[in-house]
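Right, one structure below, let's go through it.
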Amino acid sequence: MRKVLALLLLRANQVVDVDTLAEELWDDRPPQNGTGTIRTHVYHLRRALAQDPATRELAEMLTTERTGYLLRLQPEQLDATLFTEYVEQGRALLRQDRVEDAARRLREALGLWRGRALANTSVGPVLARHVTYLDEVHHHALELRIEADMLLGRHRELVPELRSLIATNPLNEWYHDQLITALHRSGRRGEALAAFHDLRRVLNEELGLEPSQEAQRLQHEILMADSRRGARAVAVPARFRAVS
């Protein structure tokens, strides 16, 4: 029943046909009377929802259609729907250069994320695709929010978060690039160069690859900044220059 409910929720306001339910429940090995078994699952699901005051409304919104089953919901009734809508709004605001508003909306979206989607459900092939999609949207939302915070100059605040993200996603070059940039813009050039070398080491050990051109550009930018700073430090004051 849990799989059936999860699929109906994630495809709210769409008819979920019997074949899709069968694929989720049994993959390519449905029982002989699969349609009857699905009908029984939905019957028990509707009954369980109706018995609980907290979910009674859902039971009334679950209808049988000609080709399958339909669960009608308002967008605000499902976190997954709100989450994807907020992410899209945040992306639109960022494109409009409304950076502060974008960061706020993306934080609201990420605040709805309470761990991996359907973590308490044993997913089949259909739900697995939904989980993958939601994970991708989550990662994109996180990148957009970090981008907005970088534009707002919150470099120092981002450093601990980026280190944590790299610890769990060591092969994500984008996170490494943001950490290098955040450290550099915080005046921590030595740590920024160390972060670049950490990226080079991880990529070489794990994949036999060199950092991307973007990461190498960041390294070059830091080195050039140090070079210019050094040149300024040894410049001869004007009062000591020879007068022609």
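Table for the structure above
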read-out: Extended-chain gain in nm, criterion 0.36 nm per residue less alpha-carbon gap, Thr63 and Arg129; value: 21.3 nm
read-out: Viscosity 0.692 mPa s, temperature 37 °C, Stokes-Einstein D of segment 11-68 from Kirkwood C-alpha radius, µm²/s; value: 267 µm²/s
read-out: In range of the label at His139: residues from segment 155-181 whose backbone nitrogen is under 18 Å from the point 7 Å along Cα→Cβ; value: 162-179
read-out: Sequence-separation-based contact order of the chain, relative, with Cα cut under 8 Å and 6+ spacing, percent; value: 14 percent
read-out: Spread of Cα-to-Cα distances over 10 Å intervals beginning at zero, given as percent, for segment 107-167; value: 19, 43, 26, 10, 1
read-out: Estimated FRET transfer efficiency (Glu221, Gln89; beta-carbon r; R0 41 Å; 0.05); value: 0.80
read-out: Length gained when the stretch Gln51-Leu152 is fully extended (0.36 nm per residue, less Cα-Cα span); value: 31.4 nm
read-out: Over segment 1-129, volume per residue of the alpha carbon convex hull, in Å³; value: 121 Å³
read-out: Average accessible area per residue (Å²) across the chain - probe 1.4 Å, nucleic acids and ligands excluded; value: 60 Å²
read-out: Cα-based Rg and Dmax for the chain, where Dmax is the largest Cα-Cα distance (Å); value: 26.4, 102
read-out: Inverse mean reciprocal Cα-Cα distance (Kirkwood Rh) of segment 132-195, Å; value: 12.0 Å
read-out: Inter-centroid distance (Cα atoms) of segment 151-209 relative to segment 73-98, Å; value: 28 Å
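The values are calculated or read from the model by the stated rules, or taken from the named source; none is laboratory data. Keep in mind that this is a model prediction, so the values were computed, not measured. All Cβ positions, even for glycine, are placed from backbone atoms using ideal geometry, and neighbour counts span all protein chains on display. With ligands, DNA and RNA removed, areas are computed over all heavy atoms of the protein, side chains included. Shrake-Rupley method; radii C 1.70, N 1.55, O 1.52, S 1.80 Å.
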